[in-house]
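The values are calculated or read from the model by the stated rules, or taken from the named source; none is laboratory data. What you see is a predicted model, and the numbers here were worked out from it, not measured in a lab. Quick reminder, even Gly has a Cβ in these numbers, built from the backbone with ideal geometry, and neighbours come from all protein chains shown. Side chains are part of the model used for accessible areas, which takes the heavy atoms of the whole protein and leaves out ligands, DNA and RNA. Shrake-Rupley method; radii C 1.70, N 1.55, O 1.52, S 1.80 Å.
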Amino acid sequence: MKKILGIATLAALQACFTPAAAQGADSWPNRPVRIIHGFAPAGPIDNFARLLAAQFNDRFGEPAIVEGKPGAGGTIAARFVARSPSDGYILYLMASGHASAPGLYKSLGYDPVNDFTMISVVAQSPYAVIANPAAGYGSMRELIDAARQQPEKIDYGSGGIGSGMHLAATLLQARTGVRLNHVAYKGGGAPALAVIGGEVPVIMTALAGMSTYIAEGKVKPLAVTTGERFAQYPDVPTLSETVAPGFDVTAWYALAGPKDLPPAIVAKLNDMVRDTLQRKDIIESLRLQAAEPAGSSPAVAQELLASEVVRWQKVVREEGLADMN
């Protein structure tokens, strides 16, 4: 998988951000911090948020509480964070679908770039097309061929309209000329449970969080969305090499706060993320969820967000994805 960022470059990136403004941040935090995300419990983003939250008490002497605000592809949570005080007590575990929202929604009630202070990228993972073995799709080619014969008759699940996984699935349909029937769930573990239980035959989801179900044979990964195969699943082909040449989409997760978050607080949080992602047990925990650590400086994270918003606005416009919702 082509990496957005990597731990190996983290030390160099940190040199670009000197926490000289740390003076004045000594009193933060003096009460619990809330980490908000836009999905239901038990999914990858909830797991990653809890992984970070677990570090707060030892690091800062105050706990962090994880709170999901699911719905509207994560925009409900994003709006809440964007309108929150910039005091460091409301943070946001942002999923890559955040970048697609401007192209999909006419009115967000917030600026997806300028209303947020990026702290660090945390992790990245491929999206994947996952099938229930009983559905009978042994490969992506078999699924696409069946979809051509049965337009809009084959259900697929995702974490909700406007989520990154929904957008990836919509882009796949645009590139292959097929139409599936979208069944939107409120993120979290709902899509995984739906495909395991046979409620839907296939889902598009982050590969993160599916490892256990794959190992147990409860689901079958048909393809990953990244341009290169994912090292943890070298036998799973890419969409690019099977049915959609050039397809390359990566799920990423980042810690952020409202705009104008004080640089000293950003520095403290960035240091925490950096140190956390260098721990062997944390790296192993992420990899068990089919994710890779991807720490960054705040500046690099901010650049990633801005570039991803531009990229997905262009994709949505050129592929007519807003019309496929």
Take the residues in the range 130-144 that are open to solvent by less than 60 Å² (accessible area, probe 1.4 Å) and in a helix (DSSP H, G or I), then tell me which one is farthest from MET165 (Cα to Cα).
ALA135
Regarding the range 90-103, can at least one residue be identified that is open to solvent by 20 Å² or more (accessible area, probe 1.4 Å) and over 25 Å from PRO263 (Cβ atoms)?
yes
Considering the range 283-319, residues that are in contact with a Pro (Cβ under 7 Å, 6 or more places away or on another chain) and among the β-branched types (Val, Ile, Thr), and then whichever is nearest to TYR105 (Cα to Cα), we arrive at VAL309
Those residues of the range 289-308 which are in a loop (DSSP other than H, G, I, E, B) and open to solvent by less than 20 Å² (accessible area, probe 1.4 Å) amount to ALA290, ALA291, ALA294, GLY295, SER296, SER297
When residues of the range 72-89 are limited to those that are open to solvent by less than 30 Å² (accessible area, probe 1.4 Å) and either aliphatic (A, V, I, L, M) or touching a helix residue (DSSP H, G or I) at 6+ places or on another chain (Cβ under 9 Å) (or both), the one modelled with the lowest pLDDT:
GLY73
Has the range 173-187 got any residue that is open to solvent by less than 20 Å² (accessible area, probe 1.4 Å), of a type in the set (Ser, Thr, Tyr) and over 16 Å from the mean Cα position of the chain (by Cα)?
yes
State yes or no: is LEU277 touching a Gly at 6+ places or on another chain (Cβ under 6 Å), over 25 Å from PRO102 (Cα atoms) and among the hydrophobic types (A, V, I, L, M, F, W, C)?
yes
Heads up, the strands (runs of 3 or more DSSP E) in the range 166-245 (entirely inside) with at least 3 residues that are in contact with a Pro (Cβ under 6 Å, 6 or more places away or on another chain) and over 18 Å from GLY73 (Cβ atoms) are 220-224
Yes or no: GLY209 more than 19 Å from GLU319 (Cβ to Cβ), at pLDDT 95 or above, among the small types (Gly, Ala, Ser) and open to solvent by 10 Å² or more (accessible area, probe 1.4 Å)?
no
Over the range 148-164, the set of residues open to solvent by less than 50 Å² (accessible area, probe 1.4 Å), modelled with pLDDT of 95 or more and assigned to a loop (DSSP other than H, G, I, E, B) is ILE154
List, please: which pairs have Cβ atoms under 6 Å, are six or more places apart or on different chains, and start with a residue in the range 99-125 that is closer than 17 Å to VAL81 by Cβ and of a type outside the set (Phe, Trp, Tyr) and end with one that is in a loop (DSSP other than H, G, I, E, B) and open to solvent by 30 Å² or more (accessible area, probe 1.4 Å)?
ASP115/LYS259; THR117/LYS259
